[in-house]
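**Q** For reference, the structure I am asking about is given below.
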Amino acid sequence: LAGWMSLTGEPDGPPTKSGLSLVDYSGGFVAALSLMVGLHAARRDGTGMDCDVSLFDTAIHMLSYPATWHLTAGFTPQRTARSAHPSLVPFQNFPTADGWIVVACPKEKFWQRLTEAIGHAELESDERFADFAARHAHADALLAQLECIFRTQPSSHWLTCLQQAGIPCAPVNDVAEALQDPHTAARQMLVDVPHPRFGTVRQPASPVRVGNAPIPHRRAPQRHEDADAILTELLHYTPARIEELQQAKAFGT
């Protein structure tokens with residue numbers, strides 16, 4: 001409904017969904033932000049309010065700049081090959097001898113460094129590739145050359161060369177590789193959580209980092225596990241009120 005699938009995938013392929021449940025996750029972020037805003041306003045004004053969270057609204061909002069360009073200038077977003085940037089060249093995936101890497105040149109200095117790092121300084125002096133506009137106009141010719149070059153060596157070779165030159169780049173990891181990436185360990189993004197049914201669950205940590213105290217991680221509660229604390233300590237419901245709600249199946253059957 002929100003147009004995302006028309007923007008995802010290769011140009012000659014079918015409409016494609018994201019590999020992750022991004023609308024659901026983003027809806028959760030919107031809900032959390034709405035709750036924070038509502039709590040702040042309630043404490044300030046003494047008045048509560050509803051938080052109206054819509055997955056559709058979230059997805060439309062996340063169309064962001066392509067939507068703004070379309071609404072103000074009639075721009076029609078198009079899918080690009082190799083997940084390329086719509087205007088900056090080179091800025092995309094490239095196949096190597098043993099995998100894929102992402103290489104990005106969002107500034108002229110990165111393009112100049114790239115030609116030296118890959119051992120083809122002659123590309124910088126080629127008038128077809130002199131600046132952003134020229135590289136975009138002659139993208140087919142340039143990208144064909146770069147693809148041939150990157151295919152000659154494994155990803156590790158190119159990443160070492162490009163990182164030493166200070167060029168934005170990264171491997172295209174699969175899930176297992178991402179979880180084993182040094183950044184994942186350095187940011188302590190994996191945690192072990194005790195679970196009554198599965199023993200220990202190893203999972204990604206929360207990305208929310210607030211304050212200096214370590215963030216405790218716990219599993220999601222089972223149904224009704226925290227009901228007493230919520231109903232009595234937080235909401236101050238009496239036993240009679242709780243029984244009334246149970247009889248009305250407010251907590252499910």
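The values are calculated or read from the model by the stated rules, or taken from the named source; none is laboratory data. From a predicted model like this one, the values you see are computed outputs, not experimental measurements. Note that we place each Cβ from the backbone using ideal geometry, even for glycine, and neighbour counts take in every protein chain shown. Keep in mind that these areas ignore ligands, DNA and RNA; they rest on the heavy atoms of the full protein, side chains included. Shrake-Rupley method; radii C 1.70, N 1.55, O 1.52, S 1.80 Å.
**Q** When the range 82-105 is examined, which residues are found to be exposed (fewer than 13 other Cβ atoms within 10 Å of the Cβ) and over 22 Å from Asp131 (Cβ atoms)?
**A** The first filter runs over the range 82-105 and keeps only residues exposed (fewer than 13 other Cβ atoms within 10 Å of the Cβ), leaving 87, 98.
Within the range 82-105, Asp98 is the sole residue that qualifies.
**Q** Sticking with this structure for a sec: Here is a check on your reading of the model: is Ala73 over 23 Å from Asp12 (Cβ atoms), open to solvent by less than 30 Å² (accessible area, probe 1.4 Å) and free of Cβ contacts under 8 Å to residues at least 12 places away in the same chain?
**A** Details: over 23 Å from Asp12 (Cβ atoms): yes; open to solvent by less than 30 Å² (accessible area, probe 1.4 Å): no; free of Cβ contacts under 8 Å to residues at least 12 places away in the same chain: yes.
Considered against the rule, which asks whether it is over 23 Å from Asp12 (Cβ atoms), open to solvent by less than 30 Å² (accessible area, probe 1.4 Å) and free of Cβ contacts under 8 Å to residues at least 12 places away in the same chain, Ala73 comes out as no.
**Q** Follow-up. Quick one: count up the residues across the range 203-246 that are open to solvent by less than 80 Å² (accessible area, probe 1.4 Å), closer than 30 Å to Val175 by Cα and not aliphatic (A, V, I, L, M).
**A** Qualifying residue count, the range 203-246: 6.
**Q** When residues of the range 18-46 are filtered for being open to solvent by 80 Å² or more (accessible area, probe 1.4 Å) and either in a helix (DSSP H, G or I) or more than 19 Å from Gly3 (Cα to Cα) (or both), how many remain?
**A** Counting residues in the range 18-46 that are open to solvent by 80 Å² or more (accessible area, probe 1.4 Å) and either in a helix (DSSP H, G or I) or more than 19 Å from Gly3 (Cα to Cα) (or both) gives 12.
**Q** Among (1) touching a residue at least 12 places away in the same chain (Cβ under 8 Å); (2) open to solvent by 60 Å² or more (accessible area, probe 1.4 Å); (3) out of contact with any strand residue (DSSP E or B) (no Cβ under 8 Å at 6 or more places or on another chain); (4) outside the structural domain of Leu159 (by the TED database), there is one condition Arg79 misses while meeting the rest; what is its number?
**A** Against the list (1) touching a residue at least 12 places away in the same chain (Cβ under 8 Å); (2) open to solvent by 60 Å² or more (accessible area, probe 1.4 Å); (3) out of contact with any strand residue (DSSP E or B) (no Cβ under 8 Å at 6 or more places or on another chain); (4) outside the structural domain of Leu159 (by the TED database), Arg79 comes up short only on (2).
**Q** Which of the residues that make up the range 64-100 are of a type outside the set (A, V, I, L, M, F, W, C), touching a His at 6+ places or on another chain (Cβ under 9 Å) and at pLDDT 95 or above?
**A** The answer is Gln92, Thr96.
**Q** Hey, can you tell me all the residues within the range 1-47 that are over 24 Å from His70 (Cα atoms) and of a type in the set (Asp, Glu)?
**A** Once the filter is applied, which keeps residues that are over 24 Å from His70 (Cα atoms) and of a type in the set (Asp, Glu), the range 1-47 yields Asp24, Asp45.
**Q** Of all residues in the range 120-176, which are at pLDDT 95 or above, charged (D, E, K, R) and touching a Ser or Thr at 6+ places or on another chain (Cβ under 8 Å)?
**A** Glu122, Arg151
**Q** Also: So the check is Cβ under 9 Å with 6+ separation or different chains; which pairs have a first residue in the range 206-218 that's more than 15 Å from Val193 (Cα to Cα) and a second one that's outside any loop (DSSP other than H, G, I, E, B) and open to solvent by less than 100 Å² (accessible area, probe 1.4 Å)?
**A** Val208/Ala32
**Q** Residue by residue through the range 146-199, note down the ones that are free of Cβ contacts under 8 Å to residues at least 24 places away in the same chain, β-branched (Val, Ile, Thr) and in contact with a strand residue (DSSP E or B) (Cβ under 9 Å, 6 or more places away or on another chain).
**A** Listed by number, the list holds a single entry, Thr184.
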